[in-house]
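Throughout, read-outs are computed from the coordinates displayed, never taken from laboratory work. Small disclaimer: the values here were computed from a predicted structure and weren't measured. Cβ placement follows ideal geometry from the backbone for every residue including glycine, while neighbour counts extend to all protein chains displayed.
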Amino acid sequence: MAANEQPSGKKNSFAPNEIDMLASSIAFDVKDLDSFLPVLVDKIRTLQVGSVSVKNKKRIFGSSNLEKATFGVGDLLFQITPKGNGLLPVCVISKVIGGVSVKNQQVTLEEWLKELVVEMTTHAVQAGRDRAAIERALGIDL
């Protein structure tokens, strides 16, 4: 069963292949990070799974660079600072319980993206199932 399909065969409200496209975005070069991260932020916002927070660094003539992005999915926070240690980004996965960070783990960019995609996919599928259950309970046939 695809990530965007319900057990009954109905599709949830996520656009087809959005999560698969996000997963395929993992293969990229670190030098492309400045263009990749804003696209990733926009893609995750369109999925409407979890939360997205960004901090931009203002530059001359009104342009801005992404300074830090945080994605909240379930009880995990995925933080990335593109210009962390020299040219390599700093990627941290934190487990948050009751608003308190109980575990912070710095990982490679590849590990960070893989875990983010796994969590996003899991929560998107669950959200689709929850939505379908609510529709059935209310007698809504969409």
| message | Set the bar at 28 Å for Cα to Cα. Now go through 83/103; 58/114; 68/95 and name every pair that lies beyond it. | response | 58/114
| query | Can you give the FRET efficiency for residue 96 and residue 35, using 1/(1 + (r/R0)^6), R0 = 30 Å, r = Cβ-Cβ distance, to the nearest 0.05? | reply | 0.55
| For segment 67-142, what Kirkwood radius comes out of the mean inverse Cα-Cα distance, in Å? | 14.2
| remark: From the Cα centre of segment 31-51 to that of segment 76-142, the distance in Å is 12
